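The values are calculated or read from the model by the stated rules, or taken from the named source; none is laboratory data. Bear in mind the structure is a predicted one, so any value in this text is a computation, not a measurement. As a convention, Cβ positions derive from the backbone with ideal geometry for all residues, glycine included, and neighbour counts pool all protein chains shown. These area figures cover heavy atoms from the full protein model, side chains too; ligands, DNA and RNA do not enter into them. Shrake-Rupley method; radii C 1.70, N 1.55, O 1.52, S 1.80 Å.
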Amino acid sequence: CPQHVFLWLTKRGGRMAEYTQDDPPPPNVWCGISASSGLTAFAALRRLIDVRAAVRWLSLEPLLTHVDLSRASTSCVAWDESVDWVVIGAESGPKRRPCDIEWARRLVRQCQESGVAVFVKQLDLDGRLSRDMSEWPKDLRVREYPAAIRHTLSPPGEPGDR
C-alpha cells in the first residue's frame, strides 16, 4: 500500500535497529521509538542512529519530564541527524500524570531551531487534557511533518486529505 504512511512505533529500539539492518522498510514506513523522559529519550536517540528507514521519529508521549534533546548528541552524531520528526503529547486517561507546558514549549523551540519537524498532539492545560489546538498558546499550535512527505500530507479536511 504505497499510498499510505505507516507509523511503526516501539519502545524496543534495539530490536527495530536489528530488524531494519538487512531489510530496511519501504519509504512509507516510518520507524519511531517511544520515550517519556530525558533518560529514555537519550537511549531512543542512540538507537535511532542504527535504524535504517526513510523517516526516523521520536515519540515523546507521554511527556513526563523535561527533555533536552541537545544533551543527547554524542561526539559522532548530533541528535538532529538521527531524527526526522518529533511527536510531543501529554498523557491521557483517568490516572494521567501532569505534563508541564514549558517542557513542550522547549522541545518545540529546539526542533524548530534544528530544522526537525515537530508535531504537538495534545497538551496539559491547567490540569486537563486538551486536544483542541484553538485552546493552546499560539507557539504550540504546531503540526509539522518530515520534509520528505510534506507535499503528500495535508491536515484533515484540507485538499489532499486521505
Point to revise | Cα→Cβ-extended label distance, 7 Å offset, between S70 and S92, nm | key: 3.3 nm
Revision key, fill the gap. The chain: relative contact order from alpha carbon pairs under 8 Å, six or more residues apart, as a whole percent, is 16 percent
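Could you work out what % of the accessible surface of the chain is carbon and sulfur, using a 1.4 angstrom probe and leaving DNA, RNA and ligands out of the count? Write down the numbers at each step before the final one.
Values: 4520 of 9010 Å².
Carbon and sulfur atoms account for 50 percent of the accessible area of the chain.
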Review point. Roughly speaking, what is the stretch gain from F6 to A54, that is 0.36 nm per residue apart minus the C-alpha to C-alpha distance, in nm to one decimal?
Key: 16.1 nm
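Rounded to the nearest whole Å², what accessible area per residue is found for the chain with the 1.4 Å probe? Numbers along the way, then the final one.
Working: 9010 Å² over 162 residues.
Accessible area per residue, the chain: 56 Å².
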**Study point:** Pair Q112, D22: separation of 7 Å Cα→Cβ label points (nm)
**Key:** 4.5 nm
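For the range 1-103, what does the equivalent ellipsoid look like in terms of its semi-axes, each the square root of 5 times an eigenvalue of the Cα gyration tensor, given largest first in whole Å? Before the final figure, lay out each step's value.
Working: eigenvalues 112, 60, 24 Å².
Ellipsoid half-lengths, sorted descending, are 24, 17, 11 Å.
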